[in-house]
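J.: Sharing a structure with you now.
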Amino acid sequence: MMLAAQAEQYLPMIRRVRRRTFPGVWQGCDVEEMESEGVIGLVKGLQSYDASRGPIEPYLWRRIQGAMLDWARREDRLSRGQRRLQRTREETMERLRAELGREPDDGEVAAALGLDLAEYQATHDAWQNHAHITTVRGEDGDEVGILDLLANDDPDPEAHLERKQVLERLRLHIEELPERDRAIIRMYFLEDVTMAEIAAVLGVSVPRVSQLVKRILGNLRERLINEGITC
């Protein structure tokens, strides 16, 4: 059977996988784009399938699901704490626009959020820069979130192996960081500690914490690039 005909036969599976894997979607999620990634996973699955992999439908399900999970990780790289604060910021800005009849300035948004201006601006800078700083590209050209790798459970065996290899290198480089840098990575990305709380622990300003995070991630990114994981 031709590849196009095979793909058409299994297209209904894509929506079933999406609904089962993502019963709810987050604000701004492009469902059509997610399902398009599922189509790519389906085609790659059909191309790589052979009988030694077992029944075809469970195999294709894993490939489609893996493609969608990869897409979701690329689209949603912020930590849980950052996402909560970002949603609160968006809601606050919408409320202030209605109350003021104009676009609120940073000072007004910061005050409404209960943050000082420096902390708000540092956090906003982190949102703006996070996606660029914390992503690398594997040999297949797909973007990989550096810190997302720490909790990756990709069901696609081939993608899982590639990510595992990158993860091993990343963990090694994190272990080689100075103790303070390791602590910052742990607090900010794995424990959802805010920049203000990290600043209090380290005895530095919030903008300084933002600078440290950027420097550490830039360092990790450069080390991975030097090992052939190109950006």
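J.: Within region 112-132, is even one residue modelled with pLDDT under 80, within 22 Å of SER205 (Cα to Cα), of a type in the set (Phe, Trp, Tyr) and surrounded by fewer than 17 Cβ atoms within 10 Å (Cβ to Cβ)? Walk me through it before giving the result.
T.: Restricting attention to region 112-132, the residues satisfying the condition of being modelled with pLDDT under 80 are 119-132.
Subset that is within 22 Å of SER205 (Cα to Cα): 119-130.
Narrowing the set further to residues that are of a type in the set (Phe, Trp, Tyr) leaves 120, 127.
From what's left, surrounded by fewer than 17 Cβ atoms within 10 Å (Cβ to Cβ): 127.
The answer is yes, given that some residue of region 112-132 is modelled with pLDDT under 80, within 22 Å of SER205 (Cα to Cα), of a type in the set (Phe, Trp, Tyr) and surrounded by fewer than 17 Cβ atoms within 10 Å (Cβ to Cβ).
J.: Turning to a different aspect of this structure: Need the failing condition index for GLY218 against (1) closer than 25 Å to ALA111 by Cα; (2) at pLDDT 80 or above; (3) small (Gly, Ala, Ser), just the number.
T.: Condition not satisfied by GLY218: (1).
J.: Now a separate question. Of the numbered conditions (1) more than 25 Å from the chain's Cα centre (by Cα); (2) at pLDDT 90 or above, GLN9 satisfies every one except a single condition; which is it?
T.: Of (1) more than 25 Å from the chain's Cα centre (by Cα); (2) at pLDDT 90 or above, only one is false for GLN9: (2).
J.: While we're on this one: Taking region 189-220, which residues are under 22 Å from the mean Cα position of the chain (by Cα) and either of a type in the set (S, T, N, Q) or not in a helix (DSSP H, G or I) (or both)?
T.: Passing the criteria: GLU191, ASP192, VAL193, THR194, SER210, GLN211, ASN219.
J.: In this structure, is ARG186 surrounded by fewer than 17 Cβ atoms within 10 Å (Cβ to Cβ) and in a helix (DSSP H, G or I)?
T.: Values: surrounded by fewer than 17 Cβ atoms within 10 Å (Cβ to Cβ): yes; in a helix (DSSP H, G or I): yes.
Yes: the conditions hold for ARG186.
J.: While we're on this one: Hey, can you tell me all the residues within region 157-183 that are at pLDDT 75 or above, surrounded by 14 or more Cβ atoms within 10 Å (Cβ to Cβ) and acidic (Asp, Glu)?
T.: ASP181
J.: Give the residues of region 38-57 that are surrounded by 11 or more Cβ atoms within 10 Å (Cβ to Cβ) and either touching a strand residue (DSSP E or B) at 6+ places or on another chain (Cβ under 7 Å) or more than 17 Å from LEU3 (Cα to Cα) (or both), sorted by residue number.
T.: ARG53
The values are calculated or read from the model by the stated rules, or taken from the named source; none is laboratory data. What you see is a predicted model; the values in this text were computed from it and never measured. All Cβ positions, even for glycine, are placed from backbone atoms using ideal geometry, and neighbour counts span all protein chains on display.
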